[in-house]
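Let me begin by presenting the structure, written as structure tokens, before commenting on it.
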Amino acid sequence: MVRFITPLFTVVLGIIFLIASLNLPKSNLGNPNGPMYFPVLIAIILIGGGLVYLFQEFKARGVAFKDFAGLREGKAPLYLGVSLVLMVLYTLVFERIGFLISTILFLGGLLFLLNGRKKWITNVLVAVIFSFVTWYAFGTLLQVSLP
């Protein structure tokens, strides 16, 4: 029964997202339905992917389900816990200190968690370069304002 939770959740989430997307207000400029095309596409992909996943799990229902066993072994609980804490902190500080600094800190924290301190140069470079490239792409090229 546990194996059906994720695909059912995905299908339900997709249906809720589809309903919300179809209720978006019409655009005053250009195509009136333009703002809903992308969200509807995402909802359809969620529903379709969830149904495929549900079908695969239904076919494998006789096989023992051991997917969650690995989450309790080794460093997995530490990685999950620290990642969750970093995500919550990222969410809390994002608006206050802005996209660039919060993303550098978040990615740096995750990279140091996964790669360790020995690869500190790589961790710092990836966090800084990725954050700056993303900030530049959205802020300058796409002209999307980031906090």
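Structure above, values below:
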item: Integer Hz, Karplus 6.51/-1.76/1.60 couplings in order for the stretch 71-82, x for Gly and Pro; result: 6, 9, 10, x, 8, 4, x, 5, 4, 5, x, 5
item: Spherically averaged projected area in nm², based on the convex hull that wraps the Cα atoms of the chain; result: 12.5 nm²
item: Coil-residue GluC sites (Glu not before Pro) of the stretch 57-147, DSSP, other Cβ within 10 Å capped at 12; result: GLU73
item: Filtered trypsin sites (Lys or Arg not before Pro), the stretch 37-75: DSSP coil and at most 13 other beta carbons within 10 Å; result: ARG61, LYS66, LYS75
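Laboratory data are not the source of any read-out in this text; all were calculated from the coordinates shown. Here the structure is a predicted model, which means the values were calculated and not measured. Note that each Cβ is placed from the backbone with ideal geometry, even for glycine, and that neighbours are counted across all protein chains shown.
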